[in-house]
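**Student:** This is the structure I want to talk about, given as structure tokens.
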Amino acid sequence: MEGSGTGDDAATAMAPIAKWKSDFSRTFQFCLDRSTPHLTERWLGTLAIAAIYVLRVYLLQGFYIVSYGIGIYILNLLIGFLSPKVDPELELEHLDEVSLPTKGSDEFKPFIRRLPEFKFWYSITKAFCIGFLMTFFSIFDVPVFWPILLFYWIALFVLTMKRQIMHMIKYKYIPFSTGKQRYTEKKTAPSGTSSAIH
């Protein structure tokens, strides 16, 4: 009986926390949904957060390993952002056709990313926020020679982008959809109108 009473008390004590967590999660998701169409404002906010993080790292002169981890994570996200949802090479092997248009006469097909823009933005923003919080704990300030990390990241970035660009050239696609080309007819003035002017 005492055990069940203790369990009920614990459940009662946890109920407000669970409710707060549920309310916070719902409110947070609502704010995310509201921010979806505001692309420019979202990315400006992320740039501001990134600038604050960079300034803090510069002032502390440390946490370079955290910055390197964020850089590698962003590079991985960038590859997903620039890659098609279905790899044309795999589709060629199984379906003997590609999901991306390779000729001007092909039917228009919008570019579908493996990582959508909103998730790309959200993941980068979250990475900088987590990195900023990590700078308050000295355990993450591992002493490293940062120029080596910077050089290695730049080399990795160049090689990765080169491979991605070669993939784009091989399968003739660009990771941005400008929409299907539309043609508008020129409006000609009625003959009666021109004669009335004269």
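The values are calculated or read from the model by the stated rules, or taken from the named source; none is laboratory data. Since the structure is predicted, the reported quantities are computational estimates derived from the model, not experimental observations. Neighbour counts are summed over all protein chains in view; Cβ atoms, including those assigned to glycine, are modelled from backbone coordinates with ideal geometry. Heavy atoms of the whole protein, side chains included, go into the accessibility calculation; ligands, DNA and RNA do not. Shrake-Rupley method; radii C 1.70, N 1.55, O 1.52, S 1.80 Å.
**Student:** How charged is the neighbourhood of GLY62? Take every other residue with its Cβ under 13 Å from the Cβ of GLY62, and add Lys/Arg as +1 and Asp/Glu as -1.
**Tutor:** 0
**Student:** Once both labels are modelled 7 Å past Cα along the beta-carbon direction, what's the LEU44-PHE28 spacing in nm?
**Tutor:** The modelled label-to-label distance comes out at 2.6 nm.
**Student:** Mind scanning LYS85/LYS170; LYS126/LYS170; LYS85/LYS119 and naming the pairs with a C-alpha gap bigger than 23 Å?
**Tutor:** Pairs exceeding the cut-off: LYS126/LYS170.
**Student:** Give me the extension gain from GLN164 to ILE112: residue separation times 0.36 nm, minus the current Cα-Cα distance, reported in nm with one decimal.
**Tutor:** This chain segment gains 17.1 nm when fully extended.
**Student:** Give the accessible surface of segment 8-92 per residue, rounded to a whole number of Å², with probe radius 1.4 Å and ligands, DNA and RNA excluded.
**Tutor:** 67 Å²
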